[in-house]
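The values are calculated or read from the model by the stated rules, or taken from the named source; none is laboratory data. Note that this is a predicted model, so its numbers are computed, not measured. Quick reminder, even Gly has a Cβ in these numbers, built from the backbone with ideal geometry, and neighbours come from all protein chains shown. These area figures cover heavy atoms from the full protein model, side chains too; ligands, DNA and RNA do not enter into them. Shrake-Rupley method; radii C 1.70, N 1.55, O 1.52, S 1.80 Å.
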Protein chains: 2
Amino acid sequence: MDITFENLKQELKKKNIGLSYQRLKVLEYLIQNRCHPTVEQIFTELQKDIPTLSKTTIYNTLRILAEADLVKVINIEEKEARYDIDTKDHGHFKCESCGAIFDFPIDIDSLIPEDLSKFKINDKNVYFKGLCPGCLYNNN
Amino acid sequence: MDITFENLKQELKKKNIGLSYQRLKVLEYLIQNRCHPTVEQIFTELQKDIPTLSKTTIYNTLRILAEADLVKVINIEEKEARYDIDTKDHGHFKCESCGAIFDFPIDIDSLIPEDLSKFKINDKNVYFKGLCPGCLYNNN
DNA sequence: ATACAAATTTGTAATCATTACAATGCTATT
DNA sequence: AATAGCATTGTAATGATTACAAATTTGTAT
């Protein structure tokens, strides 16, 4: 299923999550900004539309969306969480020079070892770090 | 190369890292406690041996060991970092019920897609979350 | 051994993302 | 319009980590 605003609204309804203006704005932002934004980024941008916006609302909304599996939390950094509207399995690469986070395809399931056959896996994360082609080229 | 106290001491010398009592104690603790301990755990335990020990020393030591690639930082949790003396590639599974972290073998390199051929990969992490066999059995 | 410089440790204070909580505001239903 | 329940807001608390400066230890040259 495609990640469209309408589809996600359906999902929220299906899961009995109220479609408040703030929540829809957060969703909209995540759909349009696939750069794995931080709470700070989302807050700063949406504040332009909603002057009374509280950062707590962003935290609440993201927690609810994550619990409903509509958003994936990315803990690739030590300090600040990032959020991804794409919940399908894929890897993340963080450039240690420019800080950008890149998606890459990865077939995680094909590598799950026999050792885990008795475990119930709810969440799979593959994080790489290093230097992206641009920074390598510029010797950053 | 095996992970022994003596081998690690050699590594420290080779990298011009002073072999202070505190640093050796941290290494010793990590070798003997492969449960991916937190700073708090390491500090609490070593304090018994070194009453004047400061938590800052644990942080400093772990940062130095990690920079020297003698220890791997595990950011599988949101808040607290964990540390692993085993720097060879392997996956980590965190049980969301009991909190235990399990190692599992995984051939990460075979998964790296063509898309990343122009990236320099310095660090690879595979983190799963879910329920371990024990907790599944006990319906935790 | 002594003195000195450099490295290391220590303790306190600051930082900063996240969470707790209570008060206010909004929405839907009757 | 009244009410109840949910959502938002703002402030204060939490807690891991870092900054920093003083004190201690270590290594080295004399």
Violating pairs (Cα-Cα greater than 20 angstrom) within the set A:Lys118/B:Lys94; A:Lys25/A:Lys48; A:Lys14/B:Lys79: A:Lys14/B:Lys79
Around A:Ile106 (Cβ within 10 Å, Cβ-to-Cβ, excluding A:Ile106; K/R +1, D/E -1) the net charge comes to -4
If I compute solvent accessible area with a 1.4 Å probe over the protein chains, what percent of it on the protein assembly as shown is carbon and sulfur? 47
Can you tell which of B:Ile112, B:Ile58, B:Ile101 shows the greatest fluctuation in a Gaussian network model of chain B with Cα springs below 10 Å? B:Ile112
Gyration tensor (alpha-carbon) shape descriptor, the protein assembly as shown, a/c threshold 1.5: prolate
So if R0 is 22 Å, what FRET efficiency would B:Leu24 and A:Glu114 give, r being the distance between their Cβ atoms, rounded to the nearest 0.05? 0.05
Quick check for me: using +1 on Lys/Arg Cβ and -1 on Asp/Glu Cβ, what's the dipole size of the stretch B:74-134 about its Cα centre, in debye to the nearest 20? 100
Members of the stretch B:87-105 that become less accessible by 10 Å² or more once partner protein chains are added (1.4 angstrom probe, chain alone as reference): B:Phe93, B:Glu96, B:Phe102, B:Phe104, B:Pro105
Percent of beta bridges antiparallel (DSSP, the protein assembly as shown, rounded to nearest 5): 75
Evaluate E = 1/(1 + (r/R0)^6) for A:Asp123 and A:Lys13, where r is the Cβ-Cβ distance and R0 equals 30 Å; express this FRET efficiency to the nearest 0.05. 0.75
Taking only Cα atoms and a 10 Å spring cutoff, compute GNM fluctuations for chain B and point out the largest among B:Glu114, B:Glu11, B:Glu78. B:Glu114
Could you state the accessible area per residue of the stretch A:36-126 in Å², with a 1.4 Å probe and every protein chain left in place? 50
Might you report the magnitude of the Cβ-based charge dipole of the stretch A:5-84 about its Cα centre, with Lys and Arg at +1 and Asp and Glu at -1, to the nearest 20 debye? 280
Take the alpha-carbon centre of the stretch A:1-77, take the same for the stretch B:25-93, and report the distance between them in whole Å. 35
With contacts defined as alpha carbon pairs under 8 Å and 6 or more residues apart, what's the relative contact order of the stretch A:5-84 in percent? 29
What shape does chain B take by its C-alpha gyration tensor, where a ≥ b ≥ c are the square roots of the eigenvalues and a/c under 1.5 counts as rounded, a/b above b/c as prolate, and the rest as oblate? oblate
What share of the DSSP beta bridges in chain A is antiparallel, in percent to the nearest 5? 65
Among B:Ile101, B:Asn75, B:Tyr59, whose Cα sits farthest toward the positive end of the charge dipole of the stretch B:32-132 (+1 at Cβ of Lys/Arg, -1 at Cβ of Asp/Glu, about the Cα centre)? B:Tyr59
With the crude spin-label approximation of a point 7 Å out along Cα→Cβ, what separation in nm comes out for B:Ser54 versus A:Gln47? 3.6
